[in-house]
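The values are calculated or read from the model by the stated rules, or taken from the named source; none is laboratory data. Since the structure is predicted, the reported quantities are computational estimates derived from the model, not experimental observations. Here the Cβ positions follow ideal geometry from the backbone for every residue, glycine too, while neighbour counts run over all protein chains shown.
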Amino acid sequence: MQEFDLHRPKTVAEALDLLAEFGAEARVLAGGTDLMLALRARPGLKLKTIVDLSGLVELSFIREEGDLVKLGPLTTMARVAQSPLIASRAGLLAAAAAAVGSPQIRNRGTIGGNVANAAVCADTVPPLVALEAQVKLERRGGERWLSLPDFITGPNRTVLEPGELLTEIAFTRLPAKAGWGFMRLARRQAMAIARLNVAVVLDRDGEGVVTAARISPGAVLARPGRIAAAEEVLLGRRPDPALISRAAAQVGDALAAAGRRWSTPYKEPAITALTERAIKQALEVDWR
């Protein structure tokens with residue numbers, strides 16, 4: 001383990017001052033489930049300063065303001081998974097948080113860290129994209145709001161600049177009658193990162209016709225996003241098995257179009273099947 005200076009600010013303002021002072025030399029520590037592993041596994045990773053945010057209780061919250069659900073970035077995965085508010089307003093996010101790691105990791109790992117780390121396998125990112133979430137980035141003297149596809153630019157890459165801090169995640173709660181689905185594929189049911197995952201949100205009218213559709217896969221695209229072609233298959237129609245299969249196939253096509261690799265022959269049918277299951281889950285159809 002290398003040596004570095006450690007700072008533990010007591011307020012967000014103090015944290016922003018430290019980040020402004022140290023700039024690119026500083027790294028932020030939230031739950032530590034990613035950063036500490038990186039320090040051990042990458043001896044070439046040279047850090048001079050770590051700003052430990054774990055004491056900032058003001059960045060750990062789940063609350064509802066009007067139609068908005070707001071999350072503090074230091075909110076642990078365990079709290080997200082167990083929150084009655086998240087379960088009732090955005091159940092797919094609760095399901096994704098519950099799938100992360102082990103109880104120990106969920107009790108330490110934070111939703112802000114999962115987003116800011118920008119791993120392609122991050123389980124909470126597809127649900128947040130499907131929820132059309134925005135992230136708030138603050139720096140000393142200013143702030144900006146960005147969507148997840150604008151914030152994450154590629155694997156482990158974001159637009160977060162030196163001196164900036166992710167301080168809030170916000171999204172509009174799902175309509176009361178909206179259905180959702182979340183599916184993931186990993187080598188094991190627990191303690192394994194997702195090879196693929198997908199989040200689906202569907203809203204229907206009284207006749208069962210889809211009026212809104214959001215389909216966001218993980219570990220498929222170079223950066224987070226939705227599959228518009230799949231959504232368009234469902235929009236304005238009453239889903240049946242053939243239509244669901246057509247929509248799911250569009251996600252498989254998007255994976256193949258993103259670039260063929262050794263894993264594509266396996267992943268293409270796998271993400272198609274996961275998407276079909278997630279759509280059926282959103283429609284409350286037994287997919288087994």
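Just to be sure before I move on: is residue 176 within 19 Å of residue 127 (Cα to Cα), over 20 Å from the mean Cα position of the chain (by Cα) and modelled with pLDDT of 95 or more in the structure I sent? Write out each step before concluding.
Details: within 19 Å of residue 127 (Cα to Cα): yes; over 20 Å from the mean Cα position of the chain (by Cα): yes; modelled with pLDDT of 95 or more: no.
Considered against the rule, which asks whether it is within 19 Å of residue 127 (Cα to Cα), over 20 Å from the mean Cα position of the chain (by Cα) and modelled with pLDDT of 95 or more, residue 176 comes out as no.
Let me confirm something: among 246, 237, 261, 277, which residue is over 22 Å from the mean Cα position of the chain (by Cα) and not in a loop (DSSP other than H, G, I, E, B)? Please lay out each step first, then the result.
Numbers: 237 fails: not in a loop (DSSP other than H, G, I, E, B); 261 fails: not in a loop (DSSP other than H, G, I, E, B); 277 fails: over 22 Å from the mean Cα position of the chain (by Cα).
Just a single option satisfies the conditions, and that option is 246.
Just to confirm my filter: which helices (runs of 4 or more DSSP H) fall fully inside the stretch 49-122 and include at least 3 residues that are in contact with a Lys or Arg (Cβ under 9 Å, 6 or more places away or on another chain) and either more than 22 Å from residue 183 (Cβ to Cβ) or not basic (Lys, Arg) (or both)?
Details: elements: 77-82, 84-89, 91-98, 103-108, 111-117.
Ranges flagged: 77-82, 84-89, 91-98.
May I ask you to verify whether residue 93 is crowded, with 23+ Cβ neighbours inside 10 Å and either under 25 Å from residue 271 (Cβ atoms) or not acidic (Asp, Glu) (or both)? Please lay out each step first, then the result.
Values: crowded, with 23+ Cβ neighbours inside 10 Å: yes; either under 25 Å from residue 271 (Cβ atoms) or not acidic (Asp, Glu) (or both): yes.
Yes; evaluated as a whole, the condition is true for this residue.
If we scan the stretch 104-111, do we find a residue that is closer than 29 Å to residue 284 by Cα, buried (at least 21 other Cβ atoms within 10 Å of the Cβ) and out of contact with any Asp or Glu (no Cβ under 7 Å at 6 or more places or on another chain)?
If we filter the stretch 104-111 for residues that are closer than 29 Å to residue 284 by Cα, which is where we start, we get 106, 111.
After this cut, where a residue has to be buried (at least 21 other Cβ atoms within 10 Å of the Cβ) as well, the list is 106, 111.
Pick out the ones that are also out of contact with any Asp or Glu (no Cβ under 7 Å at 6 or more places or on another chain) and you get 106, 111.
Yes, the stretch 104-111 contains at least one residue that is closer than 29 Å to residue 284 by Cα, buried (at least 21 other Cβ atoms within 10 Å of the Cβ) and out of contact with any Asp or Glu (no Cβ under 7 Å at 6 or more places or on another chain).
Quick test for you: out of 220, 200, pick the one residue that is in contact with a Leu (Cβ under 6 Å, 6 or more places away or on another chain), within 30 Å of residue 157 (Cα to Cα), crowded, with 16+ Cβ neighbours inside 10 Å and in contact (Cβ under 8 Å) with a residue 24 or more places away in the chain. Can you show your working first?
Values: 200 fails: in contact with a Leu (Cβ under 6 Å, 6 or more places away or on another chain).
It is 220.
With the checklist (1) assigned to a helix (DSSP H, G or I); (2) at pLDDT 95 or above; (3) surrounded by 14 or more Cβ atoms within 10 Å (Cβ to Cβ) in hand, flag the one item residue 39 doesn't pass.
Of (1) assigned to a helix (DSSP H, G or I); (2) at pLDDT 95 or above; (3) surrounded by 14 or more Cβ atoms within 10 Å (Cβ to Cβ), only one is false for residue 39: (2).
Is it the case that residue 265 is in the same structural domain as residue 199 (by TED's automatic domain parsing), surrounded by fewer than 18 Cβ atoms within 10 Å (Cβ to Cβ), without any contact (Cβ under 8 Å) to a residue 12 or more places away in the chain and not aromatic (Phe, Trp, Tyr)?
Values: in the same structural domain as residue 199 (by TED's automatic domain parsing): yes; surrounded by fewer than 18 Cβ atoms within 10 Å (Cβ to Cβ): yes; without any contact (Cβ under 8 Å) to a residue 12 or more places away in the chain: yes; not aromatic (Phe, Trp, Tyr): yes.
Spelling it out, residue 265 is indeed in the same structural domain as residue 199 (by TED's automatic domain parsing), surrounded by fewer than 18 Cβ atoms within 10 Å (Cβ to Cβ), without any contact (Cβ under 8 Å) to a residue 12 or more places away in the chain and not aromatic (Phe, Trp, Tyr).
Give the residue that is nearest to the chain's Cα centre (by Cα), with candidates limited to residues of the stretch 123-134 that are part of a loop (DSSP other than H, G, I, E, B) and crowded, with 18+ Cβ neighbours inside 10 Å.
Let us first name the residues in the stretch 123-134 that are part of a loop (DSSP other than H, G, I, E, B), namely 123-124, 131-133.
Still in the running and crowded, with 18+ Cβ neighbours inside 10 Å: 123-124, 131, 133.
Numbers: 123: 6, 124: 3, 131: 10, 133: 9 Å.
In this case the residue turns out to be 124.
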